[in-house]
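The block underneath contains the structure these notes are about, expressed in structure tokens.
Since every read-out is calculated from the coordinates, none of them should be taken as a lab result. Keep in mind it's a predicted model, so treat the numbers as computed, not measured. Reconstructed Cβ throughout: ideal geometry from the backbone, glycine too, with neighbour counts over all protein chains shown.
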Amino acid sequence: NIAAGRKSDKSNYGEFLYNEGIKSSHVKAEQARQVQNQKRGEENGSFQPQINEVSKKLRRDMPVVERLLMLEQVKQEKIERLKKTKEQEETQDLLFTPRILAYPLKEGRQRVWPLKSQAGQQQQQQ
């Protein structure tokens, strides 16, 4: 029983090797044809590179230097916007209102800013 199985495997293995050889020769022939077609295309000047979708969408109507400067400007504007929004979010949480007390100043000190009540009285007098 085991010997019969081995014999059938050997004949199948030979067929397997034969089929693999034929497949590899077809693959090699196809690769050789592709190389020849590429060489012919290069000689005729009809070579066209395969580029991805992102490359197709890039702007080509302005010089590279101008495009890079424009991209830098856009980047800086974006950074400024992000800084402003972050600052607004931080200041939105702060609800500090100072309390100004109407205590008289000690001797030797001069009042630099008039208190609200005094400023209102001075404006009414004028």
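In order along the stretch 23-40, the phi-based Karplus estimate (6.51 cos²θ - 1.76 cosθ + 1.60, θ = phi - 60°) of 3J(HN,Hα) comes to 4, 5, 5, 5, 5, 5, 5, 5, 5, 5, 5, 5, 5, 5, 5, 5, 5, 5 Hz; Gly and Pro are listed as x.
One decimal place: the segment LEU17-GLN34 gains 3.5 nm when fully extended, by the rule 0.36 nm per residue minus the C-alpha distance.
A Förster radius of 30 Å, combined with the Cβ-Cβ distance separating LEU71 from GLN48, puts the computed FRET efficiency at roughly 0.65.
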